[in-house]
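J.: Questions regarding the structure given below will be posed in turn.
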């Protein structure tokens with residue numbers, strides 16, 4: 001029997017050779033023999049092997065199929081170490097809202113060109129990237145979004161659209177070439193509207209429902225703020241009832257527009273415990289012993305590249321230099337370099353380094369995560 005690598009599966013030569021199922025967002029580590037076998041399966045002629053437990057598992061997981069595929073797959077080039085697996089790609093900083101906590105601040109006129117976006121995605125794919133978060137601003141406000149959307153199927157990456165949901169109408173949903181839609185919902189009606197504007201909650205929730213009905217995996221991102229502290233149990237019930245795939249909870253950093261909207265700030269003592277909410281798989285298993293962001297980098301709408309979007313004011317380069325060159329300028333931070341000494345450090349991974357920086361020490365503690373673990 002001949003087998004072929006499934007359409008939604010792609011080999012990734014990371015620190016450990018792997019196969020990635022883009023639709024399921026599952027990463028499977030491989031031994032040398034399995035990697036070589038699946039490389040043959042990814043060719044046009046496929047591969048043959050007696051049916052055994054490995055084949056049964058690959059068929060069950062949707063990694064291989066008996067159906068021939070003529071897809072042109074990306075080159076297998078060894079990734080850097082550590083590998084760049086996740087890319088925040090801010091295609092525009094234009095936005096149709098003025099959220100009171102936005103780290104970007106006032107929306108501007110910056111935006112990447114279609115060619116720039118294509119070049120970034122191509123190099124990210126060649127670096128064995130897994131998942132790209134297409135964000136803004138509001139990404140659907142990019143004047144060339146249709147062209148950007150049309151080129152997305154060329155890349156063997158999981159594409160996630162991060163949106164406020166207000167422009168997510170039926171015409172967009174009918175043509176969108178992404179695997180997942182992530183929507184910001186920052187509380188129930190009153191709390192969400194207080195942060196994002198009157199009437200936005202009902203419109204956003206309606207968009208989430210329509211996206212799920214259209215067959216998309218939908219995730220939700222929530223920021224903790226003083227007006228939504230009584231909403232978390234209600235949000236969890238609501239999101240699970242809707243069929244939301246993942247729910248991520250975080251605390252906004254004191255930057256951008258939040259510096260002028262002090263009533264939406266929240267202290268570690270008040271807000272840290274809510275970081276225990278949320279559900280879902282999140283990022284894939286990472287190398288132990290390193291702080292957050294080991295496999296992450298961000299591209300800003302003006303072409304700057306930074307270790308994450310919060311560090312936009314401290315870029316490591318520009319996209320014209322290439323992602324690989326910028327990536328090598330980011331020094332991985334080991335947990336034993338941090339001023340953290342509690343028993344939870346491997347699961348916490350030192351929390352958010354940018355929050356620690358804002359609290360006064362880039363190697364210090366993220367007191368919000370400390371509050372979650374009752375360290376403060």
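What follows draws every value from the coordinates through simple rules; no lab data is involved. All of these numbers come straight from a predicted model, not from anything done at the bench. Glycine gets a Cβ as well: all are built from the backbone with ideal geometry, and neighbour counts include every protein chain shown.
J.: What is the Cα radius of gyration of the stretch 217-316 over 2.2 N^0.38 Å, N being its residue count?
T.: Numbers: Rg = 15.7 Å, N = 100, 2.2 N^0.38 = 12.7 Å.
In units of the 2.2 N^0.38 Å rule of thumb, it is 1.24.
J.: Moving to a separate point now. What angle, in degrees between 0 and 90 and rounded to the nearest 10, separates the Cα long axis of helix 200-213 from the longest principal axis of the Cα atoms of the chain?
T.: Its long axis makes an angle of about 20 degrees.
J.: While we're on this one: Calculate, in nm to one decimal, what residue 270 and residue 60 gain on full extension: separation in residues at 0.36 nm each, minus their alpha carbon distance. Write down the numbers at each step before the final one.
T.: Values: separation 210, 0.36 × 210 = 75.60 nm, distance 4.57 nm.
Extra length available between residue 270 and residue 60 comes to 71.0 nm.
J.: Among 77, 319, 134, whose mean-square fluctuation peaks in a Gaussian network model of the chain (Cα, cutoff 10 Å)?
T.: Top of the fluctuation ranking is 77.
J.: Could you tell me the center-to-center distance, by alpha carbons, between the stretch 250-322 and the stretch 348-370 in angstrom?
T.: 11 Å
J.: On a C-alpha basis, how far is the centre of the stretch 63-104 from the centre of the stretch 133-184 in Å? Whole number, if you could?
T.: 12 Å
J.: Taking the square root of 5 times each eigenvalue of the Cα gyration tensor, what semi-axes in Å does the equivalent ellipsoid of the stretch 2-65 have, largest first? Provide the component values of the computation, followed by the final result.
T.: Details: eigenvalues 52, 33, 27 Å².
Three semi-axes, in Å: 16, 13, 12.
J.: Now for a separate question. Using 0.36 nm per residue, how much length does the chain from residue 329 to residue 202 gain when fully extended, once their Cα-Cα distance is taken away? Can you show the working numbers first?
T.: Numbers: separation 127, 0.36 × 127 = 45.72 nm, distance 4.35 nm.
In short, 41.4 nm is gained.
J.: Still on this structure, I have one more. Quick check on the stretch 28-67: take the gyration tensor over C-alpha atoms, sort the square-rooted eigenvalues as a ≥ b ≥ c, and tell me if it's rounded (a/c under 1.5), prolate or oblate.
T.: Numbers: a/c = 1.41, a/b = 1.05, b/c = 1.34.
Verdict is rounded for the stretch 28-67.
J.: Helix 232-242: angle to the longest alpha-carbon principal axis of the chain, degrees 0 to 90, nearest 10?
T.: Approximately 40 degrees, to the nearest ten.
J.: Taking R0 as 30 Å, what FRET efficiency do you get between residue 189 and residue 248 from their Cβ-Cβ distance, rounded to the nearest 0.05? Mind showing how you got there, number by number?
T.: Values: r = 20 Å, r/R0 = 0.68.
Efficiency for this residue pair is about 0.90.
J.: Out of 243, 351, 303, any idea which swings most in a Gaussian network model of the chain, alpha carbons joined below 10 Å?
T.: Top of the fluctuation ranking is 243.
J.: Continuing with the same structure: Mean separation of Cα pairs under 8 Å and 6+ residues apart, divided by the residue count of the chain: what relative contact order is that in percent?
T.: On the way: 727 pairs, mean separation 54.7, N = 376.
For the chain, the relative contact order is 15 percent.
J.: Assuming R0 = 22 Å, can you tell me the calculated FRET efficiency for the pair residue 343 and residue 376, based on Cβ-Cβ distance, to the nearest 0.05? Present the calculation step by step, with values, prior to reporting the outcome.
T.: Details: r = 15 Å, r/R0 = 0.67.
Computed FRET efficiency for residue 343 and residue 376 comes out at 0.90.
J.: Here is a follow-up. Working from Cα positions, state the angle (0 to 90°, nearest 10) between the long axis of helix 32-41 and the longest principal axis of the chain.
T.: Value to nearest ten degrees: 80.
J.: Just for the chain, what percent of DSSP beta bridges are antiparallel, to the closest 5?
T.: Details: 20 of 46 bridges.
Bridges in the chain that DSSP calls antiparallel: roughly 45 percent.
J.: For residue 358 and residue 33, FRET efficiency with R0 = 56 Å and r from the beta-carbon atoms, rounded to 0.05? Provide the component values of the computation, followed by the final result.
T.: Numbers: r = 48 Å, r/R0 = 0.86.
Using R0 = 56 Å, I get an efficiency of 0.70.
J.: Something else now. Roughly what % of DSSP beta bridges within the stretch 69-207 run antiparallel, to the nearest 5? Could you put the intermediate results ahead of the total?
T.: Working: 1 of 14 bridges.
Among the beta bridges of the stretch 69-207, antiparallel pairing accounts for roughly 5 percent.
J.: If each DSSP helix of 4+ residues adds -39,500 (n - 2.57) and the sum is divided by the residues in the chain, what number results at 222 nm, nearest 500 deg cm²/dmol?
T.: Working: 13 runs with 103 residues, N = 376.
The helix-only estimate for the chain comes to -7500 deg cm²/dmol at 222 nm.
J.: Here's something else I'd like to know. Quick one: among 258, 173, 357, which has the greatest mean-square fluctuation in a GNM of the chain with alpha-carbon springs under 10 angstrom?
T.: Ranking 258, 173, 357 by mean-square fluctuation puts 357 first.
J.: While we're on this one: What is the Cα convex hull volume of the stretch 58-142 when expressed per residue in Å³?
T.: Details: hull volume 15.0 nm³, N = 85.
Each residue corresponds to 176 Å³ of Cα convex hull volume.
J.: Please check which bits of the stretch 153-169 a label hung off residue 116 would reach, taking the label as a point 7 Å along Cα-to-C-beta and the cut-off as backbone N under 17 Å.
T.: It comes to no residues whatsoever.
J.: Which distance in nm do the two modelled labels at residue 240 and residue 212 give, with both placed 7 Å along the Cα-to-Cβ direction?
T.: Modelled inter-label distance: 1.3 nm.
J.: Taking the mean number of other Cβ atoms within 10 Å as a proxy for protection, how do you rank 219-226, 285-292 from highest to lowest? Don't jump to the answer; show the numbers that get you there.
T.: Details: 219-226: 21.4, 285-292: 15.0.
Descending mean neighbour count gives 219-226, 285-292.
J.: Please compute the modelled spin-label separation between residue 71 and residue 173, points set 7 Å along Cα→Cβ, answer in nm with one decimal.
T.: Distance between label points: 2.6 nm.
J.: Over the Cα atoms of the chain, what radius of gyration and what Dmax do you get, in Å?
T.: Rg then Dmax for the chain, in Å: 21.1, 66.
J.: Using the per-residue mean of other Cβ atoms lying within 10 Å as a proxy for protection, in what order, highest first, do the peptides 12-19, 46-53 fall? Numbers along the way, then the final one.
T.: Working: 12-19: 20.6, 46-53: 11.8.
Answer by packing, highest mean first, reads 12-19, 46-53.
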